[in-house]
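In what follows, a single structure is set out as structure tokens and then discussed.
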Amino acid sequence: MLFLVFEIGDERYCLEVSRIIEITPMVIFKKIPHAPAYVSGLFNYRGTIVPVIDLSILIAGKPSRPLFSTRIILVDYVSEDKVHHILGLLAERATETISCREEDFQPPGIEVDEAQYLGDVVFDESGMIQRVRIEKLPPENIRDYQQEYEFVALKENNDFLP
Amino acid sequence: MKKYFNRLKILHKIIISGLIFALPICILLYYMISGFNNNIDFARMEIWGSRLLTPLTRLAELIPEHQLLVRLYLQGDTFAQEKIDVSTKKIDESFAILIAEGKKYEKVLRIDEKSLKAREMEKIHYSKVYKIWQELNKNCKNNSTVQNDIEHEMVLQPIQALIKRLGDTSNMVLDPDLDSLYMMDVAIVTMPKTLGKLSEFLLFGESVIFKGFRSREDIVKFSVFAAMMEEDLERVRQNIATALREDKNYYGSSNSLQANMPPSLSQYESFVTPFLVVLKRFANDPDSRISVAEFLEPARTLLEAGAQLREVSLQELQILLSKRIDNFSNKKLIALSLSLIALILAAIIILIISRGITRSLGKVIDIAGEIAAGNLQQAVESLETMGKSGFNLSNKAEHHTGQNKNEIVQLFQAISTMTSGLDALLTQVRKSGIQVTSSSTQIAAAARQLEATVAEQASSINEVSATSKEISATAQEFAKTMNRVAEMSSRAADLASASMTSLSDINATMKILLENTTESFGKLRTVDEKMGNITQVITTITKVANQINLLSLNAAIEAEKAGEYGTGFSVVAREIRRLADQTAVAAIDIEVLIIETQGAMKEGMSAVETYTDQTMTSTEKIAEISVDLLMAIEHTQELAPQFESANQGMQVQSQSAAQISEAMGQLNESAKQTRDSLVEFKGVTEQLNEAVRDLQNEVARFSISS
């Protein structure tokens, strides 16, 4: 299985590529007043309004730096009522992929209620990589900003360039 | 002597005083009694003398009578023989009485042979006279008339001398009382003399009558004798009248004297008168004839009457004398008995007084002993019981009795007052003692505290002294420092003037620096601009690399989604991504470098800008500072003299501090002395405490009524 690797602070995290719709460069967001701090704002993805969560704020408590490697990862988020939504995740150094099996992941041995989206851990030559569980990611109130999206694997991918 | 007298008891003293008083009284009594005895002896002597005189005067009458009778007998008168015998018998009787009485009283009346011989009068002693009489009586009828006359004269003369001697020795002529004196005169002097003369005259008259004629001389003698008889009678009469008159003034009138004397006198007078008639007739009428019998008969009766009068008066004299003796004896007895009674009474009174005093004093001594032993309570009780048992001790009684109270009662009152006073005093003393003890304890405590305080003070003074020494030292040090500071300030002033020149140099240098800085700022800006150009190129490269990376990533995602159909594509995508990555990394590195250089440049530019500003500010400030510094230098130069005066002040302060130090030393000495005094004071207080304790112990001996 292929996983996208990104960094938050000095730590490395990964997402399974099968859940990723597309990776886009960072754009200017529409700010949402009174939203939680980790909600960076809204942006238009091919005619769809997508909420963006800054994983750096969510996990490390500080916003992502405006680097070229800081990108928006569009993922297929399935809510509890089995409805598909597109969710934008902002993360730094989203430039590498890693290929590994499901068995390689090991449970961390500790589960924190406030961070249930952090899952099992795999390690390579550079160190440990923690898996982010998309289904546990957004808090409940984020759903109000989401639009229903029909996730189709291997959909036309020729017009992702800006 | 005085000590010995003081050692005696009161009773003995009183007895001794009584004896001393009794001694002169006894002596006076003795003299009084001996005076009485003298008077009695005087009277007795008179009585005894009169007793002896009775036979003697009788003899003085009888001897001439006998002589006359003998003469008549010798002339032939036959009747005379019987009469002579009678007369002789009378004379013998008288002599017997004389001898009997004489033996009794001759020594007292000093008519014994020894006394008479001392006066060459031994011939008149009655025994010798009696011998002459016996011879006369034997020879009288045989002798001649002349011889008889001589011999009778020899008997009569010593008798008369003896009468005279007795009159002297028996004090009769010294009789003190008028009545007895006059009676004595009658009985012993006048009447015997008259009768003696009469007897002699009878002899003469008989011889004249017997002769038968009368010479002129005889007639004169007769008339003279008659006148003498009258004179004697008158004297006797007057004497007896005086005696009778004065009798009542001496030991009361004697009844026998008043009764017996007048008849005897009148009888004698009645016989004197006829005899005087005979005598006068015989003297005046030369022719008248008178027989011997006619002449002798009235004479003899007269003689008898005279003798009787003499006898009576002698008896009365003796009665008077014995009355006087009785009187004096009674007086003596009364005086003696009165004196004895008085002495006994005095002795009894002395005993009673001394017993009373001794008993009362004994009680007082007991009470005083109890007080001395400290049993005040008991003493008070004793006094109270005594007050109940008769002594008026209460103050009310004292007021009522006033001055009449007796010394013993006064003494008891005084002791009572003293006891109560002592009681109060002791109570007061005990209280005072306790107070004094507590006070002295407090004083001692205060003294101890004071001592401690003084010690603290001394140490404080020491500290102050040390401190002031330190101050002095510090002040001296400070003065030195000030000196140094003054020097340094003057040096600083020099340095400041030097630094002023340096400052102007700095100013110039700063200006040059400012110009250089501005120049380098311009150069830096040029570099910055060029760096911007490089950055743009690199950014472009980076963007391209980034795009490629992103593309390869999305390609990889799509290849993954395509499954095993996309495997080849995924490899291509990976290769592209690697290429892009290498480019991007290089570009990113350059970008980062440039960005950092740019940041550094910007920072350096701003720093240079700031520096330029600061340099300018500094230049301005240095200019200001140089002005300030100039002023400061002036001030510093001005300061030097001020430092001098401060230095002097500091020296003065140092000296003052030294003086303070000395004064503190003296004060310390005083404090030490004070502490010593306090130690002494403490000792004295302890002594006081002890004294008070002793006093309390002394007082505790007394049990006082609380």
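The values are calculated or read from the model by the stated rules, or taken from the named source; none is laboratory data. Just so we're clear, the structure is a prediction, and the values are computed from it rather than from any experiment. FYI the Cβ positions are ideal-geometry reconstructions off the backbone, even for glycines, and counts take in every protein chain you see.
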Note to self: Looking at A:Met1 and the list (1) farther than 22 Å from A:Ala115 by Cα; (2) more than 11 Å from every other protein chain (Cβ to nearest Cβ); (3) surrounded by fewer than 19 Cβ atoms within 10 Å (Cβ to Cβ), which single condition is not satisfied?
What the structure shows: (2)
Notebook entry, point to check: Of the numbered conditions (1) out of contact with any Gly (no Cβ under 8 Å at 6 or more places or on another chain); (2) at pLDDT below 80, B:Val699 satisfies every one except a single condition; which is it?
Noted result: (1)
Checklist line | Number of the exception - A:Arg65 against (1) within 14 Å of chain B (Cβ to nearest Cβ); (2) touching a strand residue (DSSP E or B) at 6+ places or on another chain (Cβ under 7 Å); (3) surrounded by 18 or more Cβ atoms within 10 Å (Cβ to Cβ); (4) of a type outside the set (Asp, Glu) | finding: (3)
Check: Of all residues in region A:12-28, how many are surrounded by fewer than 19 Cβ atoms within 10 Å (Cβ to Cβ) and in contact with a Gly (Cβ under 9 Å, 6 or more places away or on another chain)?
Finding: 1
Next item on the list: Any residue in region B:291-311 that's more than 15 Å from B:Leu233 (Cα to Cα) and outside the structural domain of B:Ser87 (by TED's automatic domain parsing): show its pairings with residues that are hydroxyl-bearing (Ser, Thr, Tyr) and at pLDDT 85 or above at Cβ separation under 9 Å, as long as the two are six or more apart or on different chains.
Entry: B:Glu311/B:Ser264
Check: In the list B:Ser606, B:Ser661, which residue meets the criterion of being assigned to a helix (DSSP H, G or I), hydroxyl-bearing (Ser, Thr, Tyr) and exposed (fewer than 12 other Cβ atoms within 10 Å of the Cβ)?
Finding: B:Ser606
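Please specify each residue of region B:97-115 satisfying the condition of being of a type outside the set (D, E, K, R) and touching a residue at least 24 places away in the same chain (Cβ under 8 Å). Talk me through it step by step, then tell me what you get.
Within region B:97-115, the first condition is being of a type outside the set (D, E, K, R), and the residues that meet it are B:97-100, B:102, B:105, B:108-109, B:111, B:115.
The answer is B:Ile97, B:Leu98, B:Ile99, B:Gly102, B:Tyr105, B:Val108, B:Leu109, B:Ile111.
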Notebook entry, point to check: Going by the conditions given, is B:Leu345 within 23 Å of B:Pro55 (Cβ to Cβ) and part of a helix (DSSP H, G or I)?
Noted result: no
Next item on the list: Mind telling me which of the residues B:Ile188, B:Ile159 ends up being crowded, with 20+ Cβ neighbours inside 10 Å, closer than 30 Å to B:Tyr73 by Cβ and over 60 Å from the mean Cα position of the chain (by Cα)?
Entry: B:Ile159
Item checked: Failed condition for A:Arg46, given (1) touching a strand residue (DSSP E or B) at 6+ places or on another chain (Cβ under 6 Å); (2) within 14 Å of chain B (Cβ to nearest Cβ) -> (1)
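Just one of B:Ile557, B:Ile534, B:Ile538 is β-branched (Val, Ile, Thr) and within 11 Å of another protein chain (Cβ to nearest Cβ); which is it? Give the steps one after another, and end with the answer.
Working: B:Ile534 fails: within 11 Å of another protein chain (Cβ to nearest Cβ); B:Ile538 fails: within 11 Å of another protein chain (Cβ to nearest Cβ).
Going through B:Ile557, B:Ile534, B:Ile538 in turn, just one is β-branched (Val, Ile, Thr) and within 11 Å of another protein chain (Cβ to nearest Cβ): B:Ile557.
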Next item on the list: From B:Ala573, B:Ala623, grab the single residue that is within 14 Å of chain A (Cβ to nearest Cβ) and either of a type in the set (A, V, I, L, M, F, W, C) or not in a helix (DSSP H, G or I) (or both).
Entry: B:Ala573
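Residues are listed down the side, and each one gets a yes or a no for (1) crowded, with 19+ Cβ neighbours inside 10 Å; (2) over 15 Å from B:Gly306 (Cβ atoms):
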| position | (1), (2) |
| --- | --- |
| B:Ile219 | no, yes |
| B:Asn255 | no, yes |
| B:Pro262 | no, yes |
| B:Tyr268 | yes, no |
| B:Val278 | yes, yes |
Margin query: Among the residues in region B:478-499, are any aromatic (Phe, Trp, Tyr), under 60 Å from the mean Cα position of the chain (by Cα) and more than 30 Å from B:Gln673 (Cα to Cα)?
Written below: no
Next item on the list: Can you give me the ranges of the strands (runs of 3 or more DSSP E) entirely in region A:18-123 with at least 2 residues that are out of contact with any Pro (no Cβ under 9 Å at 6 or more places or on another chain) and under 26 Å from B:Arg578 (Cβ atoms)?
Entry: A:20-25, A:71-78, A:84-99, A:118-123
Check: Which residue pairs have Cβ atoms closer than 9 Å, lie 6 or more positions apart in sequence or on different chains, and pair a first residue in region B:352-371 that is within 11 Å of B:Ile10 (Cα to Cα) with a second residue that is of a type outside the set (A, V, I, L, M)?
Finding: B:Ser354/B:Lys9; B:Ser354/B:His12; B:Ser354/B:Lys13; B:Ile357/B:Glu407; B:Thr358/B:Lys9
Next item on the list: State which residue is farthest from the chain's Cα centre (by Cα) when the search covers only region A:4-30 and only residues that are touching a residue at least 60 places away in the same chain (Cβ under 8 Å) and away from chain B (no Cβ under 14 Å).
Entry: A:Glu11
Notebook entry, point to check: Scanning for something at pLDDT 75 or above, within 14 Å of another protein chain (Cβ to nearest Cβ) and at positive phi, does region A:108-122 turn up at least one residue?
Noted result: no
Note to self: Quick check on my filter: what residues within region B:11-30 are among the β-branched types (Val, Ile, Thr) and either in contact with a strand residue (DSSP E or B) (Cβ under 6 Å, 6 or more places away or on another chain) or surrounded by 13 or more Cβ atoms within 10 Å (Cβ to Cβ) (or both)?
What the structure shows: B:Ile14, B:Ile15, B:Ile25
